[in-house]
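Student: The structure follows.
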Amino acid sequence: MELDRRDLLTALAATGAGSTAGCSSTRRQATDGGDVSDHDADTLVALAEVLYPSSVSNVGEFVREYSLERVAADAEYAAGVAEAVGSLDEYVSEWHDVPYAELPTVERGEILRHMTVDTADPDPDGVARERIRYYLVNELLYAFYTTPTGAGLVGLENPPGHPGGTRSYRRGPDS
Amino acid sequence: MNGGVDRTPSGRVDACVVGAGPAGALVAAELASAGYDVVVLDAGPRFDPADREARMERHLRPGDREPVWDMGGERDAYSATGAREYPLNAARVKGVGGSTLHWQGMVMRLHEQDFRLDSELGVATDWPLSYDDLRPYYAAAEEELSVAGASDNPFAPPRETPHPLPAFPPSYSDSLFAEACEELGIATHSVPNARNSEPTDEGGACVGYGTCKPVCPSGAKYDATRHVARAEADGARVVDRAPVQRLVHDDAGDRVTAAVYATPDGTEHRQEAREFVVAAGGVETPRLLLLSKSERYPDGLANSSGLVGRYFTDHLFAGVGGTLDEPTRQKHVGFNTTESHQFYDRSDGARGAIKLEFLNYAGPAPADVATGAETFGDDLLAEIRGAYGNRIAVGGLVEQYPRAENRVRLDPSRTDAHGNPVPDVVWSLDRRTRATIERANEIQRSILEEMGTDVDWTVGPENTGPAFHHMGTTRMGTDPDESVVAPTLRTHDLANLSVVGSSAFVTGGAMNPTLTIAALALKASDHVAERL
Ligand SMILES: Cc1cc2nc3c(=O)[nH]c(=O)nc-3n(C[C@H](O)[C@H](O)[C@H](O)COP(=O)(O)OP(=O)(O)OC[C@H]3O[C@@H](n4cnc5c(N)ncnc54)[C@H](O)[C@@H]3O)c2cc1C
Ligand code: SF4
């Protein structure tokens, strides 16, 4: 299962980062974006490898482009991501000498459970594990499962948030 | 001036419209196109269409607690002191476009029987209008809302012309229902949708975002910003963030002279006009009339009947759902394509109308499961596979007959951001409504069981909720002692004050109200124009 360019654009559209105009009242502000650091991008990829099903390839490319594009449209998001990555690394540093992104895959999953990110409520203004859930984990899950590739894994090729036209709803499972 | 926007009043205009939802926007567009000078005042902001994708994300992604359309806070404070809770701020939007920004967009005509329940069945009250009186306005309203529909509904009242746009074809899941319904002798048919099945001058065709309720990022779903744009193109002035605080009248108490409104900088202004149209929705309309009490009208404006705010009525949701042992293909689009009105007309007064809806969006979407899950990776995928794929559900609307004790009144113990008493929604369910919900559940269950569904949820009389259709609070009639507005939508008490919206409904049937609201808005516009 490959994530392609279409999924990337879809993911961007679904999060509003693809739209051009500013929005004053919504959280996703289209202010001037900053760059996402290589380390933040590496961390998102490392997380996505744990969060996405193992059958998915091209995860790195998808996440890198997705995060970079999205941040270009949203400085607040960039700050939230960077801050959440910092919290995650800080937690990891209590046990390991390397940042989260450099942990073996198995340990990456264990850390999330150990930090109870798996049961945390997503909250952009909450405590560390809640911000990690919001800015990192749910960001990645949202992007993936609002694309035809992600949702398509469970038989929904036009998930909510994806402008996939008005034909798929009429098709049966075998057509 | 506030942030570059001029919110000072215009000189005395022909018509001042309070509220820029579909009711107010249609009146404004009609009057402006006829050459009248119109000012529209709306309590809420103008929302930037470019923000709609971001609002969609607010809706789809948990964590961001901002409401999708910014409802809430002191501006929108309310009480709900009836036997049933009423979640008012989930049930409306304040801003240019009104609640249609959030709505689902199903639009059907009331049935002929709806207008004469007392004379046919001895329940409730007849409308002072018949279906035939409204029929040309219904046709015009369907044009205005670019309704996509078909003439395949054997239960629908007579119509003269096809819908302006072709109906959305049935879904795959509709085909699963169709077989079972045929077996049970239940006729199914298309759903009229205020949603572009084809592109029009005002919006592209539906592209299947699937988030119609609460926001359509593409603009394919009708919302009243279309008529606001038309009104403005014809010279109307639409002032946002200008909540009307009260209406004031002349010494004799015959005519409204001005709408007093507040602006964000805290100043109050007076907009004068020859005609006034209040179209602030079924809760804020009666509230504004009650807030406009004076020495001459100590019980509130246009309230000599004492019925302003009385007979608050909503539709009830009834539904049954479960899982099938085959894929059901839900969640591709956010609207329905098949209904049945077979159980709509009542054979006696023992129950109200029932409208059955076959849902295209049963159960959670993959992203809903993922963003709330406690598992990741392949385990998460397995969890989503368990939750998505086989869900199926039948919903429906159930009628509630109007009762005077259900009402919108002022709560003197609480005030809003402007120091005005908040609305208190007093709402409850009666025995007959419960019985109708039970009957709806029975039919719904029989269909699902015929399909072999493993039924695992029911929304019945105990856990039902309102459909967010606020009706009845300024009811229409010919007798000034028994009603607030005349069949022209003009109030009995004041010669230049009209009230447009579902508050004028005498009874509400079980059809979503907005096509009827639009028809009444067009009718009211004719009568206002006659007086101007
Ligand atoms: C979730 C949801 C789903 C719905 N689905 C459907 C559907 O499928 N089909 C259907 O027919 N209907 C549906 N409805 C109902 C539909 O949205 C309403 O019937 C319709 O919008 C009412 O139109 P209106 O113009 O009377 O009021 P509104 O659309 O509510 O507009 C009233 C306007 O008045 C303004 N206002 C209020 N007080 C003041 C004041 N004091 N001064 C100035 N302005 C004021 C408000 O800001 C608002 O913009 C739905 C509603 C909701 C909430
Ligand atoms: S499915 Fe709904 S939200 Fe999506 S484009 Fe169509 S009308 Fe709009």
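The values are calculated or read from the model by the stated rules, or taken from the named source; none is laboratory data. All values derive from a computational prediction rather than experimental measurement. A quick note on method: Cβ atoms are made from the backbone with ideal geometry, for glycine too, and the neighbour counts reach across all protein chains shown. Accessible surface areas use protein heavy atoms only, side chains included; no ligands, DNA or RNA. Shrake-Rupley method; radii C 1.70, N 1.55, O 1.52, S 1.80 Å.
Student: Amide H to amide H, which residues 5 or more places from residue B:196 or on other chains are under 5 Å from it, using H placed in the peptide plane?
Tutor: The answer is B:206, B:221, B:222.
Student: Continuing with the same structure: Roughly how many Å is it from the Cα centre of the stretch B:377-449 to that of the stretch A:51-65, as a whole number?
Tutor: 40 Å
Student: Separate question: Jot down the radius of gyration and Dmax of the stretch B:60-171, Cα atoms only, both in angstrom.
Tutor: Here Rg and the maximum Cα pair distance are 19.0, 52 Å.
Student: With everything on Cα atoms, drop me the angle between helix B:514-531 and the longest principal axis of chain B, reported from 0 to 90° to the nearest 10.
Tutor: Helix B:514-531 sits roughly 20 degrees off the main axis of chain B.
Student: In whole Hz, what ³J(HN,Hα) sequence does the stretch B:348-358 give by Karplus (6.51, -1.76, 1.60; θ = phi - 60°), x for Gly and Pro?
Tutor: Here the 3J(HN,Hα) series is 7, x, 6, 9, x, 6, 10, 10, 8, 10, 9 Hz.
Student: Still on this structure: Hey, how much of the P(r) for the protein assembly as shown falls beyond 41 Å, as a percent of Cα pairs?
Tutor: I get 32 percent for the Cα pairs in the protein assembly as shown exceeding 41 Å.
Student: Percent of Cα-Cα pairs per 5 Å bin, from 0 to the last occupied bin, for the stretch B:88-244, please list those.
Tutor: Computed distribution, short to long bins: 2, 8, 13, 16, 16, 17, 14, 8, 4, 1, 1, 0.
Student: Residue B:334: net charge of surrounding residues, Cβ under 12 Å, Lys/Arg +1, Asp/Glu -1, itself excluded?
Tutor: +4
Student: With θ set to phi - 60°, apply the Karplus curve 6.51 cos²θ - 1.76 cosθ + 1.60 along the stretch B:430-447 and write out the HN-Hα couplings as whole Hz, x wherever there is a Gly or Pro.
Tutor: Result, ordered by residue: 9, 4, 5, 5, 4, 5, 5, 4, 4, 4, 4, 4, 4, 5, 4, 5, 5, 5 Hz.
Student: Which percent of Cα pairs goes in each bin when the distances of the stretch A:32-150 are cut into 5 angstrom slices starting at zero?
Tutor: 2, 12, 23, 27, 21, 12, 3, 0
Student: Another question, if that's okay. Summarise the partner chain shielding of B:207-215 as one whole number: the mean count of Cβ atoms from other chains within 10 Å of each residue's Cβ.
Tutor: Across B:207-215, the average partner-chain Cβ count within 10 Å equals 5.
Student: Given the rule -39500 (n - 2.57) for each run of at least 4 DSSP H residues, summed and divided by the residues of the protein assembly as shown, what is its mean residue ellipticity at 222 nm, to the nearest 500 deg cm²/dmol?
Tutor: Only helices count here, giving -9500 deg cm²/dmol.
Student: List the equivalent ellipsoid semi-axes of the stretch A:63-130 in whole Å, largest first, each obtained as the square root of 5λ for an eigenvalue λ of the Cα gyration tensor.
Tutor: 22, 15, 11
Student: Between the stretch A:117-166 and the stretch B:33-107, how far is it from one alpha carbon centroid to the other, in angstrom?
Tutor: 25 Å
Student: Over chain B, what is the mean sequence separation of C-alpha contacts under 8 Å (at least six apart), divided by residue count, expressed as relative contact order in percent?
Tutor: Here the relative contact order equals 23 percent.
Student: Moving on. What percent does the relative contact order of the stretch A:32-150 come to when contacts are Cα pairs within less than 8 Å and at least six residues apart?
Tutor: Numbers: 131 pairs, mean separation 36.2, N = 119.
Here the relative contact order equals 30 percent.
Student: Turning to a different aspect of this structure: If you fit an axis through the alpha-carbon atoms of helix B:172-184 and take the longest principal axis of the Cα set of chain B, what angle between them do you get, 0 to 90°, nearest 10?
Tutor: Tilt relative to chain B: about 80 degrees.
Student: Right, something else. Would you kindly derive the ³J(HN,Hα) couplings of the stretch B:253-264 from the backbone phi angles with the Karplus curve 6.51 cos²θ - 1.76 cosθ + 1.60 (θ = phi - 60°), listing them in order in whole Hz, with x for Gly and Pro?
Tutor: Here the 3J(HN,Hα) series is x, 8, 9, 6, 9, 8, 9, 8, 10, 9, 10, x Hz.
Student: Moving to a separate point now. Please calculate the 1.4 Å probe accessible area of residue B:163, with all protein chains present, and give it to the nearest 10 Å².
Tutor: Approximately 20 Å² for this residue.
Student: So what's the Cα pair-distance distribution over the stretch B:246-379, bin width 5 Å, in %?
Tutor: 2, 7, 11, 12, 10, 8, 8, 8, 11, 11, 7, 4, 2, 1, 0, 0
Student: Relative to the longest principal Cα axis of chain B, at what angle does helix B:131-144 sit, 0 to 90 degrees, rounded to 10?
Tutor: Tilt relative to chain B: about 80 degrees.
Student: Cα convex hull of chain B: how many Å³ per residue?
Tutor: 145 Å³
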